[in-house]
1. Tally up the residues in the stretch 67-115 that are of a type in the set (Val, Ile, Thr), open to solvent by 10 Å² or more (accessible area, probe 1.4 Å) and away from the ligand (no atom under 14 Å from the Cβ), please.
2. Give, as residue ranges, the helices (runs of 4 or more DSSP H) completely inside the stretch 193-266 that count at least 1 residues that are of a type in the set (Gly, Ala, Ser) and either more than 48 Å from the chain's Cα centre (by Cα) or closer than 28 Å to Thr171 by Cα (or both).
3. Whether any residue in the stretch 522-532 is within 30 Å of Pro409 (Cβ to Cβ), touching a residue at least 40 places away in the same chain (Cβ under 8 Å) and within 38 Å of the chain's Cα centre (by Cα) is what I want to check.
4. Output the helices (runs of 4 or more DSSP H) that fall wholly within the stretch 480-590 and possess 1 or more residues being of a type in the set (A, V, I, L, M, F, W, C), surrounded by fewer than 15 Cβ atoms within 10 Å (Cβ to Cβ) and at pLDDT below 70, or say none.
5. Quick check: is even one residue across the stretch 458-474 buried (at least 16 other Cβ atoms within 10 Å of the Cβ), modelled with pLDDT under 85 and either in contact with a His (Cβ under 9 Å, 6 or more places away or on another chain) or assigned to a loop (DSSP other than H, G, I, E, B) (or both)?
6. Filter the stretch 212-229 down to the residues that are of a type in the set (Lys, Arg) and either surrounded by 11 or more Cβ atoms within 10 Å (Cβ to Cβ) or in contact with a helix residue (DSSP H, G or I) (Cβ under 8 Å, 6 or more places away or on another chain) (or both) and list them by number.
7. So for the stretch 430-441 (the condition being in contact (Cβ under 8 Å) with a residue 24 or more places away in the chain, surrounded by 17 or more Cβ atoms within 10 Å (Cβ to Cβ) and farther than 20 Å from Lys477 by Cβ), does at least one residue qualify?
8. If Ser307 satisfies all but one of (1) open to solvent by less than 50 Å² (accessible area, probe 1.4 Å); (2) hydroxyl-bearing (Ser, Thr, Tyr); (3) part of a loop (DSSP other than H, G, I, E, B), what's the number of the condition it fails?
Amino acid sequence: MLAQIEQEHYQKLHEILRLCRANLKNYDESLIQRAFFMCYRAHEGEKRASGEPFFYHPVEVAKLLVTELPLDGVSVAAALLHDVIEDSGYTYEDIVAELGTEVADIVEGLTKISEIMTNRETTEAEGFRKMLLSMVKDIRVILIKFCDRLHNMRTLDSLPEHRRVKMALETRDIYAPLAHRFGLGKMKVDLENLALRYIDPEMYDFLLKKVRLSRNERIAYLNKMIVPIKNDLEKQGFVVEVQGRAKHLFSIYNKMRLKNKEFEDIHDLYGIRVIIDTDKMSDCFAVYGYITQKYPPIPRHFKDYISIPKHNGYQSLHSAIIGPKGYVIELQIRTRRMHEFAELGVAAHWRYKEKISKDDAAVDSFLKWARELIKDADTAASFMEGFKLNLYHDEIYVFTPKGHMKILPAGATPIDFAYAIHTEIGNGCIGAKVNGKIVRLNAELKSGDRVEVITSKSQKPKVDWLKMVVTHRAKLKIRTAINEERRLEIEKGRGIWEKMFSGTKKLFTENDAIHSIRRHGIRTPADLFSALANQQISSEEVIESVTKPQKSAETVEKSLQGKAPQDFAEIARKVQERPSEQKDEVVISGLNNIAYAYAKCCNPVPGDDIIGFVTTEGAVKIHRKNCINVTNENLVKSERIVSVAWNRKLDTEFLAGIRIVGEDKIGMTNQITGVISKFDTNIRSIALNAKDGIFFCNLMIFVRNTDKLNTLMDKLRKVQGVFTVERIAS
Ligand code: MN
């Protein structure tokens, strides 16, 4: 293997290892070696746009990482392999096999970022920043990404112009602000300056020239302050480093642009930074006191980021003093530790942790600590906003087929997405493709998904959808659409309702109908109309329900069809055993040869559903079951009830009730009685009534069996103008 690698290339490994030895405390050298060879094999033959071997790029990224953000051996290995999955035939599993899951997971995280960022217009920068953070579970992923980007920016010249500008904008709007959030002051400045160089080359060159021209003058000027300040402070017993510092190009550019100033009008190009080797924060204030004794401060510039750190954890004392010739000098005072945090942010913390604990668990404990911070939002805010990255896990960032980003809450589905695009898309949504594959409408979307909604004009929002969505907007739109649908349905139903009475007066009200129907969950006129519209119920059924009395019809039906209670069969058997009983019109359960009589209150006849009461005289009084006295509780309580049934061995004629409803028109009565008389049956009673244009007829007739009855009813139904013919009790 080694033999295949040219000496010149092999040299790269030594460069990395040399830097590791200088910058890292604990690391596995063989891990880095294996990563290097895998990187070499994976990118073998590949060239960068500049023409040099591609593998130089991951090597440089690894070197940047070791020097700029010295973390651990695992991140160096991952940096070497960061482009492997994306660019070569190697898979996640290959990396696991060669270097373990820790390295593989970081590489996978980097691959995901790169997949998502490719071919995307990053106009919604804030969303992209959040998306990246939401995807990053291991902080090392984003730190390596910064180094990758820094190297890309440093070698941007070889790319064609349009790609240069795209990458520079992305760097300015996404990566530099992210680096700032992670407290990576130096990284942020480097990225911003490089971005400016490609976004506004003329301005960059102009500023560079200006700053360079004034450089010597500035150094000379600042030295006049730095030396005495350092001496004074050392006399007071402080161990300090005093730096002269220049405002960086991007920040000058920003100030000129935002405040609309000329370069010459920017006065705070001069700055002094005092770094104290101490653990006492109070020393910073003491130093401030000594310096301002000699150089008058400008109070409005005083900012205490020590007591109240910036969101990214930055701590320092800021002020401005008036130097010789009346120049305004920016002053920063901080401890050594604060300084390292300001420059290296998260990475500095890593370093400090490693100093405390030198075992291999240091990295683990750091990550654990970071996770703890995430859990407790208060401590997180007090230290480093950057660690809040996991807090974004309640949001996902997904894309339209055209690459526009939509931010949705975690748990969002294609329906939420569809409504986020447009109400019409949501309403017509019948399916979705996620990353090209068809998914269910309730599939959970993930950050980075490309979602394509499939719609149909005939689709309508469903009540079920309310359970599949998490966004307020989707819920609202679905409810609105369902309500609108119901409104239209009700209107249609009202039309059907009106038609039922066309040409006549309204025979009954909506409430009469609702009261009679008592099914289909119909409770309000709106329910009734909607049931009519979607054919849950027909207008015929509505009329029937209103015109026929309730419950009793069912009872008669039972007796007519011979569906007697269970004990009837038993009685019938007993009756057969005693032929003498056959003459009796009724059989009484469990009581032989007992006297019986028909109650005068209801006058039951064969065919009625009946019940018996044993009187104090020892006789049985037979009532109709629907007789008012049967339902009278007193009677039921005071007397013994027995089952009775009509004796069907006798060729008795059954009494049946029929209710006919139809149109109230001349000749209706004649037509109906004509049918009955032709049918050769005895009418016991007939009651005619008409109201509001509807004709009602209650008929009590004697028939021998249900077949005959059904035939008669069919004939009656054929009479013109008859709506319904139903059996009733009386
Ligand atoms: Mn790369």
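1. So the count comes out to 5.
2. Details: elements: 201-213, 215-235, 249-258.
Where helices (runs of 4 or more DSSP H) fall fully within the stretch 193-266 and carry at least 1 residues being of a type in the set (Gly, Ala, Ser) and either more than 48 Å from the chain's Cα centre (by Cα) or closer than 28 Å to Thr171 by Cα (or both), they are 215-235, 249-258.
3. Going through the stretch 522-532, the residues within 30 Å of Pro409 (Cβ to Cβ) turn out to be none.
For the stretch 522-532, residues within 30 Å of Pro409 (Cβ to Cβ), touching a residue at least 40 places away in the same chain (Cβ under 8 Å) and within 38 Å of the chain's Cα centre (by Cα): absent.
4. On the way: elements: 510-517, 525-533, 539-547, 552-560, 566-577.
So the answer is 566-577.
5. For the stretch 458-474, residues buried (at least 16 other Cβ atoms within 10 Å of the Cβ), modelled with pLDDT under 85 and either in contact with a His (Cβ under 9 Å, 6 or more places away or on another chain) or assigned to a loop (DSSP other than H, G, I, E, B) (or both): absent.
6. Step one: of the stretch 212-229, the residues of a type in the set (Lys, Arg) are 212, 215, 218, 224.
Listed by number, the residues that qualify are Arg215, Arg218, Lys224.
7. Among the residues of the stretch 430-441, at least one is in contact (Cβ under 8 Å) with a residue 24 or more places away in the chain, surrounded by 17 or more Cβ atoms within 10 Å (Cβ to Cβ) and farther than 20 Å from Lys477 by Cβ, which makes the answer yes.
8. Of (1) open to solvent by less than 50 Å² (accessible area, probe 1.4 Å); (2) hydroxyl-bearing (Ser, Thr, Tyr); (3) part of a loop (DSSP other than H, G, I, E, B), only one is false for Ser307: (1).
The values are calculated or read from the model by the stated rules, or taken from the named source; none is laboratory data. Quick caveat, the model's predicted, so the values are computed rather than measured. As a convention, Cβ positions derive from the backbone with ideal geometry for all residues, glycine included, and neighbour counts pool all protein chains shown. Ligands, DNA and RNA are excluded from the accessible area calculation, which covers all protein heavy atoms including side chains. Shrake-Rupley method; radii C 1.70, N 1.55, O 1.52, S 1.80 Å.
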